[in-house]
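To start, the structure itself, in structure tokens.
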Amino acid sequence: MRPIATTRAATGTATGKLAVWWVLASEVVIFGGLLASYVMFRLGHPEWADAAAVTNTHIGAFNTWVLLTSSLTAVLAHQAAERGDGRKAAKFLYFTIGGAAVFILVKTYEWWYEISHGYTITSNGFWAFYYTAAGLHAFHVIAGAVIMAFVARDAARGRELHRVELIGIYWHFVDIVWIFLFPLLYIAK
């Protein structure tokens with residue numbers, strides 16, 4: 001007997017997948033509101049360009065590459081899970097978790113550098129938005145990596161392979177959010 005979470009709903013979509021999409025819809029509202037507010041404030045405060053010029057575009061670009069690469073390993077994990085190869089799926093999920101760890105380590109260094117040079121969340125409106133948006137995103141990276149570790153553990157044992165796709169959907173959302181954050185916080189000077 002299959003667990004209820006993997007049975008088909010009236011819509012024909014697996015219940016777990018439907019739940020992930022509902023969570024992501026709420027996340028779109030949260031990040032969408034935050035980013036729309038940032039854009040409106042940025043347009044009204046041209047002096048924020050001086051603060052934005054302090055952000056390190058090379059570090060932001062490197063972290064973009066790290067997240068995009070981790071999305072590739074999430075896709076490869078999903079492909080392995082679809083073939084029934086839980087061990088290979090788990091291996092690729094561990095690579096994805098490694099990407100999350102690199103992202104957080106780089107972000108930690110970046111924030112240490114900025115804060116040690118006096119750019120704190122209370123410095124001005126730009127830095128308040130910067131730390132809020134990047135911090136909320138970093139929280140989602142950490143949460144995704146933790147959940148992915150549980151999924152990888154089960155996948156390595158050949159259990160619950162459908163969850164590899166679910167965490168992959170979430171991970172791609174985390175990457176998409178960064179694709180919006182990177183140009184807004186690092187490139188638009």
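At a glance:
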{"quantity": "Among ILE147, ALA81, ALA134 - extreme Cα towards positive end, dipole of the chain, charges at beta-carbon", "calculated": "ALA81"}
{"quantity": "Residue with peak Gaussian network fluctuation, the chain [Cα springs, cutoff 10 Å], from TYR113, TYR131, TYR170", "calculated": "TYR113"}
{"quantity": "C-alpha long axis of helix 86-116 to longest principal axis of the chain, angle in °", "calculated": "10 degrees"}
{"quantity": "Within the chain: Cβ-based charge dipole about Cα centre, in debye rounded to nearest 20 (Lys, Arg +1; Asp, Glu -1)", "calculated": "800 debye"}
{"quantity": "Residue of TYR109, TYR38, TYR130 that the Gaussian network model of the chain assigns the largest fluctuation, springs spanning Cα pairs under 10 Å", "calculated": "TYR109"}
{"quantity": "Within-9-Å neighbourhood charge of ILE59 [Cβ basis; K, R +1; D, E -1]", "calculated": "0"}
{"quantity": "Local electrostatic count at LEU181 - Lys and Arg +1, Asp and Glu -1, tallied over other residues with Cβ under 14 Å", "calculated": "-1"}
{"quantity": "Pairwise FRET efficiency - VAL23 versus HIS45, Cβ, R0 = 35 Å, nearest 0.05", "calculated": "0.60"}
{"quantity": "Selection from PHE180, THR108, VAL66, by position along the positive dipole direction of the stretch 13-187 (Cβ)", "calculated": "VAL66"}
{"quantity": "For the stretch 14-23, Karplus couplings with θ = phi - 60° (6.51, -1.76, 1.60), whole Hz, Gly/Pro x", "calculated": "4, 4, x, 5, 4, 5, 4, 5, 5, 4"}
{"quantity": "Computed over the chain: relative contact order in percent, which uses C-alpha pairs under 8 Å that are six or more apart", "calculated": "31 percent"}
{"quantity": "Computed helical MRE - 222 nm, the chain, DSSP H runs ≥ 4 contributing -39500 (n - 2.57), nearest 500", "calculated": "-27000 deg cm²/dmol"}
{"quantity": "Cα-based reach from LYS107 at 24 Å (exclusive), listing lysines while leaving out same-chain residues under 8 positions away", "calculated": "LYS189"}
{"quantity": "Fewest-first ranking of ILE179, ILE104, using other Cβ atoms within 10 Å as the exposure measure", "calculated": "ILE179, ILE104"}
{"quantity": "Over the stretch 119-189, relative contact order from alpha-carbon pairs under 8 Å, at least 6 apart, %", "calculated": "28 percent"}
{"quantity": "On Cα atoms only, tilt of 57-82 relative to the major axis of the chain in degrees", "calculated": "10 degrees"}
{"quantity": "GNM flexibility winner over the chain from PHE129, PHE139, PHE103 (Cα, springs under 10 Å)", "calculated": "PHE139"}
{"quantity": "Positive minus negative residues near ARG153 (Lys, Arg vs Asp, Glu; Cβ under 13 Å)", "calculated": "+3"}
{"quantity": "Acute angle (nearest 10 degrees) that the helix 125-156 long axis makes with the longest principal axis of the chain, alpha-carbon atoms", "calculated": "20 degrees"}
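Every number here is computed from the coordinates shown, using simple stated rules; none is lab data. Because the structure is a prediction, the values reported are computed rather than measured. Quick reminder, even Gly has a Cβ in these numbers, built from the backbone with ideal geometry, and neighbours come from all protein chains shown.
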